[in-house]
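**Q** I have a structure here, written as structure tokens, and I will follow up with some questions on it.
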Amino acid sequence: MAPGEKEPVLEALRRILASRHFCNAPSACRFLRCVVETTLNGQGGEIKEYRIGVDVFDRGDEFDPKIDTIVRVEGTRLRKRLAEYYQNEGAYDPIRIEIPRGTYQPVFNPQPSPVPPPEPCPSPDPILRDIVPAPNTLVRQFMDWIRGQRLPLLPLLVAVAVIASGFFAWTHLRNKDAYCRWRTGVPCEKRIAVLPFHLIGGEPSTKALAEGLLYLVTSKLSEIERFQSALWVVPAPAVIESRVENTAQAARALGVNLIVQGSIEKSAARTRITVGLLDASQGGLRQVNSRTIDQSTAAISDSVLEAVVEMLDLRLLPEAKRILAAGASRMPSAQDYYIQGLGYLERGGAFADQAMMLFGEALQADRAFALAQAGLAAALSSKFIATGDKEWLEKGKRMLGKALENGSHLPQVRIQAGVFEKIAGQMKEAEREFQAALKLDPGNTDAMSELASLYENTNRPEDAEDLFRLATEKRPAYWKHHLDWGVFSFRRGRYAEAERRFLQATILAPDNTLALTNLSGIYLQTNQAQKAIPLLKRSLAIRRTASTHNNLGDAYYLEGNYLEMRKELEEAVKLAPTASLPLYNLAIAYWLTSDPSKARETHVRALEVTRLRYQQMPYAIVLRSLIALNLAYLDRRVDALKDIGEALKADPGNMAILSRAVVVYERCGERKLAIEAAARLRSDDPVAFLRLEQHPHLKAFRADPAFR
């Protein structure tokens, strides 16, 4: 099948998998995706019951279709589910995917727009022929009547054209998405990612301006989601984290159908920005529109946002326009400095000084600019994290007070205040600010994510899960909500539920490496390395990340291949030298490959970076259990026992902490406490308990009769 023929089928598949008939049926989704993609690759003849049982339902090489009827049962359910889909949501889909009975190879049938065909004109009955004239006779009689009335011809033709246009629009309205494209050039449902702007010229200020624009435009579009039922926007941090290399990859990695991209060129006299809108909803990438903005003054953000809103054909109510304008400075230079400061702030603590300077310049131009005040408070908290000097925190607290005086009505200011309070260790105040942000903007993804994280790290898992559920119900087609909820379920030891969430994330965003890596983590935790390895290799083929190499190292650990484990973990640490978990795992790999000096050296590095990370995020209690592990391997018994005890006390339901407690207690000579922790782990999370059977440093522990 030619590439141009595949694209409409892939779009039809995506629609089906995201529909309400399939979104909560991961097995049916895997079944359908497998047979469709195999057929599109020209291998439809290889689709057999045995192959589906092995590839889709993980039955293993010993699978016997004559004994195990899983494929036939699920095939019947899949056909029924498809029929229900086409009776409802898929009634107007241009392509119909069907699996005929007696085979599992799908067929792809074009589906005409369901406008009832006109009934054929029967031959007139001879008796009625003279009473009811034939149609062509009626037309002639109508034209003769017009001539007799002497009606002006031009107005009549205009009236006919208006009626015909109305009929044309009505028929397209019945196929809503086609009608939207016909009318505006963009699909009705708008799933948008704003990609980082391409730089023309490498000045640091231009890079900061580009990154600041990405965050600002994304944030503003997110604010108007509540006024647009068919709009959602991927948050800027998720776009940055994905590190997509091109627009085609972005569509599959971020699960979107519209992409905003652009370039920025800045000189002393003016700033030129080109913004383009790409449609990825029909398989390929099609440029819908573009704008070029030349600004000889500052305040370019308003022009860029206006261009994006216009290209997306968003009809904004007065309330939405008011929200878009809220918080912006009336001084163009202040707005320009703020955007650049935001760009430096988002690049991390190493750029805190530049961010502080630019936010300061913005406040010189507009002393009551609340967003710049909140940005300066955030930059000051970054300095505190980097130095540990509480003076920065005190300055930030004073600046945050000014931001709340001037901008307590702005969700961004409230979120920034909540993050600041979290860093300062004031959890009740942080909760209050995040809740205030959600009251101002009930669908704000950043506020939901921050508040859910706070609840989870203050031992309130039920409240955290309520937020994950709410976010997923609001945007069921957004992969990140399923992923976040899956990570939460994983940490609570609910692996089947986490697997469902991760599978749904991979269906909505097939090339998202974060979703693929997390799904592999489920299989690793449940001792299914052979299922994890293909996912990890697929993820690495898309993009190399430290977490993917780390998980692949864990897979080789489960297989007892410690040399390959060491190799993968060394790659992970090269990519992320300050990542806590890969460093600890690499130290274990050195122990297992008989290199104790490197093992201890790596434990020291892991301890340093984990402590720094915990200082930055004191609410992330799981980091404290990792600190305890490194201390235990460095024979610092008292400190290790103190840290693991505090971690268990703060989050007793976290299975990762409980698993680590077993190792820490055993390494520190507290066999009785290790046995108690293992017994509780066996009761609360039998799957995690099984991994203790493979831990090479727990052989003596497992030999103890009390363990058995």
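**Q** What residue, among those in segment 691-708 that are of a type in the set (D, E, K, R) and not in a loop (DSSP other than H, G, I, E, B), is modelled with the lowest pLDDT?
**A** Among those residues, the one meeting the criterion is Arg691.
**Q** Could you list, in sequence order, the residues of segment 601-615 that are within 24 Å of Lys422 (Cα to Cα), without any contact (Cβ under 8 Å) to a residue 40 or more places away in the chain and either of a type in the set (S, T, N, Q) or in contact with a Lys or Arg (Cβ under 7 Å, 6 or more places away or on another chain) (or both)?
**A** Hits for segment 601-615 are Thr610, Tyr614.
**Q** On the given criteria, is Ala688 closer than 25 Å to Tyr562 by Cβ, modelled with pLDDT under 90 and either in contact with a Cys (Cβ under 7 Å, 6 or more places away or on another chain) or not aromatic (Phe, Trp, Tyr) (or both)?
**A** Against the criterion (closer than 25 Å to Tyr562 by Cβ, modelled with pLDDT under 90 and either in contact with a Cys (Cβ under 7 Å, 6 or more places away or on another chain) or not aromatic (Phe, Trp, Tyr) (or both)), Ala688 qualifies.
**Q** Oh, and also: Quick check: is even one residue across segment 559-577 closer than 22 Å to Phe384 by Cβ, within 27 Å of the chain's Cα centre (by Cα) and among the β-branched types (Val, Ile, Thr)?
**A** No, segment 559-577 contains no residue that is closer than 22 Å to Phe384 by Cβ, within 27 Å of the chain's Cα centre (by Cα) and among the β-branched types (Val, Ile, Thr).
**Q** Just to check your reading of the model, which residue among Lys383, Lys397 is farther than 17 Å from Gln616 by Cβ, of a type outside the set (A, V, I, L, M) and in a helix (DSSP H, G or I)?
**A** Sole residue among the options that is farther than 17 Å from Gln616 by Cβ, of a type outside the set (A, V, I, L, M) and in a helix (DSSP H, G or I): Lys397.
**Q** Moving on. Which of the helices (runs of 4 or more DSSP H) contained wholly in segment 14-119 include at least 2 residues that are buried (at least 16 other Cβ atoms within 10 Å of the Cβ) and in contact with a strand residue (DSSP E or B) (Cβ under 7 Å, 6 or more places away or on another chain)?
**A** 70-87
**Q** Can you tell me which residue within segment 231-256, out of those that are in contact with an Asp or Glu (Cβ under 7 Å, 6 or more places away or on another chain) and not in a strand (DSSP E or B), is modelled with the lowest pLDDT?
**A** Among them, the one singled out is Gln249.
**Q** Tell me which residues, restricted to segment 432-462, are farther than 19 Å from Val234 by Cβ, assigned to a helix (DSSP H, G or I) and out of contact with any Lys or Arg (no Cβ under 8 Å at 6 or more places or on another chain).
**A** Result: Arg432, Gln435, Leu438, Lys439, Leu451, Tyr455, Asn457, Glu462.
**Q** Residue check: is Glu225 of a type in the set (D, E, K, R), closer than 30 Å to Pro8 by Cα and modelled with pLDDT of 80 or more?
**A** In short, yes.
**Q** Quick one: is Arg566 basic (Lys, Arg), buried (at least 20 other Cβ atoms within 10 Å of the Cβ) and assigned to a helix (DSSP H, G or I)?
**A** Spelling it out, Arg566 is indeed basic (Lys, Arg), buried (at least 20 other Cβ atoms within 10 Å of the Cβ) and assigned to a helix (DSSP H, G or I).
**Q** Looking for something at pLDDT 85 or above, among the aliphatic types (A, V, I, L, M) and on the phi < 0 side of the Ramachandran plot - is there at least one such residue anywhere in segment 279-290?
**A** Among the residues of segment 279-290, not one is at pLDDT 85 or above, among the aliphatic types (A, V, I, L, M) and on the phi < 0 side of the Ramachandran plot, which makes the answer no.
**Q** Test each condition in (1) outside the structural domain of Arg432 (by TED's automatic domain parsing); (2) crowded, with 17+ Cβ neighbours inside 10 Å; (3) without any contact (Cβ under 8 Å) to a residue 24 or more places away in the chain; (4) of a type outside the set (A, V, I, L, M, F, W, C) for Thr472 and report the one that comes out false.
**A** So the condition that Thr472 fails would be (1).
**Q** Just to be sure before I move on: is Glu319 touching a helix residue (DSSP H, G or I) at 6+ places or on another chain (Cβ under 6 Å), in a helix (DSSP H, G or I) and acidic (Asp, Glu) in the structure I sent?
**A** no
**Q** Also, quick follow-up: Under 6 Å between Cβ atoms, at least 6 apart or on separate chains: pull out the pairs that start in segment 379-399 with a residue that is more than 18 Å from Tyr338 (Cα to Cα) and end on any residue that is crowded, with 23+ Cβ neighbours inside 10 Å and at pLDDT 90 or above.
**A** Note: pairs meeting the criteria are Trp392/Leu380; Lys395/Leu380.
**Q** State which residue pairs qualify: first residue within 17 Å of Glu473 (Cα to Cα) and inside segment 498-513, second residue buried (at least 22 other Cβ atoms within 10 Å of the Cβ) and among the basic types (Lys, Arg) in any location, beta carbons under 8 Å apart, and separation of 6 or more residues or different chains.
**A** Listed by first residue and then by second, the contacts come to Ala505/Lys480.
The values are calculated or read from the model by the stated rules, or taken from the named source; none is laboratory data. Predicted, not measured: the structure shown is a model, and the values here were computed from it. Positions of Cβ are backbone-derived with ideal geometry, glycine not excepted, and every protein chain shown enters the neighbour counts.
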